[in-house]
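First the structure, in the form of structure tokens, and then the observations on it.
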Amino acid sequence: MAPLSAMVDTGSIHSMVPESLLSRLGLAAHERLSYSLADGREVEYGYGIARFAIDGREFPCPVIFGPEEEALLGATTLEIFNLAVDPIGQQLLPAQYRARPV
């Protein structure tokens, strides 16, 4: 594990970590995939699985092997950790789900 500050991006499906950091941790991409960026550009990045730790909990999560300046916490990682975004308090909170009758 290596500490990393990342921006939470609920519009990003997967989390993105700099490829150089993932390589230093001994991780390699399983494959390369094409991604559409918010500005409309198409880019290709490595894709794999990395172990994430948040608040003392650890889970394997999908990860994009990104450029040096990019560290994003995406929607699948938030779901795996059962976290929701509090935009006012700028924090992550346990997600609360309510059962609804069908």
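All of the numbers you see were taken from the coordinates with simple rules; none came from a lab. As the structure is a prediction and not an experimental result, all values here were calculated from the model. Here Cβ is always computed from backbone atoms with ideal geometry, including for glycine, and neighbour counts include all displayed protein chains.
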Once you have the Cα-Cα distance between R57 and A95, take 0.36 nm times their residue separation minus that, and quote the gain in nm to one decimal. 12.2 nm
How large is the translational diffusion coefficient of the chain in µm² per second when you combine the Kirkwood radius over alpha carbon pairs with Stokes-Einstein at 10 °C and 1.306 mPa s? 109
With only helices counted (DSSP H, runs n ≥ 4, each -39500 (n - 2.57)), the per-residue ellipticity at 222 nm for the chain, to the nearest 500, works out to -2500 deg cm²/dmol
Counting DSSP beta bridges with both ends in the stretch 7-94, the antiparallel % (nearest 5): 75
Can you give the convex hull volume per residue for the Cα atoms of the stretch 8-62, as a whole number of Å³? 94
Charged-residue dipole, Cβ positions (Lys, Arg, Asp, Glu), the chain about Cα centre, Debye nearest 20: 440
Given an 8 Å cut-off on Cα distances and at least 6 residues of separation, report the relative contact order of the chain as a percent. 33
